[in-house]
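Coordinate-derived values only; no laboratory data. Here the structure is a predicted model, which means the values were calculated and not measured. A quick note on method: Cβ atoms are made from the backbone with ideal geometry, for glycine too, and the neighbour counts reach across all protein chains shown.
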Amino acid sequence: MHKSISTLLIIIGVITASIQPAPPTKTSITLNSLVGSCTVTEPVIIKLLQSKGLQRLKKIAVGGIAPLATTFAHNRSRYDHSVGVFMLLRNQKCSLIEQIAGLLHDVSHTVFSHVGNLVFDYDHDSQHIWFLKQTDIAKILEKYGIELYKIDQTQNSLPGLEQALPEMCADRLDYTINTAFLLKFLSKADVKLILKHLHLKNGVWFFSDIDAARKLAYASIFIVNNLFGNPANIMAYHWTASALKRAIEIDLLTQKDVRFGTDKEIWQKLNESTDDLITRWVHMTKNCENIVSIGSAEEFNMRVSTKFRCIDPQVQTGNHLCKLSEIDPAFKTTFRQLKEQLKAAKLVRITY
């Protein structure tokens, strides 16, 4: 008798649970970043922010392997960067399509961000649309009638989001401003000045104040010198890529793991590996700052180079736009010297 009552109560409990109303759908989300805050109400943006494809970026670092291997780095995520890019485009009243493209532009990053480019020998932009189709994002866009090709920056003109170097664009602006701020090169007052005088008109980003332009330009030089052009950081990327390639080769990881995994879970697997080559490359990556140094012409055993990523911003002077390097001789000299230095590559000594 008691057993029957208990069974009945369990059944009633299951039925009651099954008919509970679903959690209410969010009608707005408030986003915050260094550029300010905004509340979004468009259903498609809300769904994309909640998507698994975009949420994964919370576990992918903008700095790639650097936060796990070097002391001169920060832990800002690709998700935060994507939101920052979206907000810059939104603040400049770009089209909804371009805002969506900005929000999604980094979904195709592998673990450790640009390390994946070395593993698979491609630029992640070339795989972007394919990557989106492997996630829940493609169906969300389809539901709201947005065709994938419209957010493909390799096929369409999205000037607010992407521009060729050394021009400014939302992607480049966000990571430059935030990286320089997090590494204490820019102050809050500097950021405020930059944002106050930053404009986008007819597909061209420009400054209405030369001091704001200088702040941004020298921040980009600081980042190239200390991060992108840092020999220890460059070598850490290559060694991590070698470890990932080896892990795929011996079936410790799959290509899918590297493409769709997250930084810490994959880093843990590499650290736990007993394979001699992986162990060596992981050790070198973790000690890159101690074993990589600038070498002399007599003692170097490797050359390293990196892409020149410095920004030469447009500045409004009267009714015209011109590059900062055209009106600031000191910046022009610094800009050209660094470009030549990176073009020539650095002589590096590695103490194995």
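Ordered by packing density, taken as the mean number of other Cβ atoms within 10 Å over each peptide's residues, highest first, how do 210-217, 173-180 rank?
Output ranking for 210-217, 173-180: 173-180, 210-217.
Rounded to the nearest 0.05, what FRET efficiency is calculated for Val204 and His74 with R0 set to 30 Å and r the Cβ-Cβ distance?
0.50
Can you give the convex hull volume per residue for the Cα atoms of segment 277-352, as a whole number of Å³?
Cα-based convex hull of segment 277-352, divided per residue, equals 126 Å³.
Could you give the length gained on full extension between Ser296 and Tyr352, defined as 0.36 nm per residue of separation minus the Cα-Cα distance, in nm?
18.5 nm
So if R0 is 25 Å, what FRET efficiency would Arg303 and Leu277 give, r being the distance between their Cβ atoms, rounded to the nearest 0.05?
0.65
In what order do Ser126, Ser296, Ser325, Ser220 fall by count of nearby beta-carbon atoms within 10 Å, going from fewest to most?
Ser296, Ser126, Ser325, Ser220
Over segment 101-181, what relative contact order in percent results from Cα pairs under 8 Å that are six or more residues apart?
That works out to 25 percent.
Can I get the semi-axes of segment 63-156's equivalent ellipsoid? Compute them from the C-alpha gyration tensor as square roots of 5 times the eigenvalues, in angstrom, largest first.
Here the semi-axes work out to 25, 17, 11 Å.
Using the Cα atoms of segment 124-195, I'd like the radius of gyration and the largest Cα-Cα distance, Dmax, both in angstrom.
Values for segment 124-195 (Cα only, Rg and Dmax): 16.1, 43 Å.
When the convex hull of the C-alpha atoms of segment 193-337 is computed, what volume per residue in Å³ does it have?
Given the Cα convex hull of segment 193-337, per-residue volume reads 163 Å³.
Taking neighbour Cβ counts within 10 Å as the exposure measure, how do Glu162, Glu326, Glu298 sort from fewest upward?
Starting with the residue having the fewest Cβ neighbours, the order is Glu298, Glu326, Glu162.
Out of all Cα-Cα pairs in segment 253-320, roughly what percent, to the nearest whole number, are more than 17 Å apart?
For segment 253-320, the share of Cα pairs beyond 17 Å comes to 69 percent.
So what's the chain giving for Cα Rg divided by 2.2 N^0.38 Å, two decimals?
1.16
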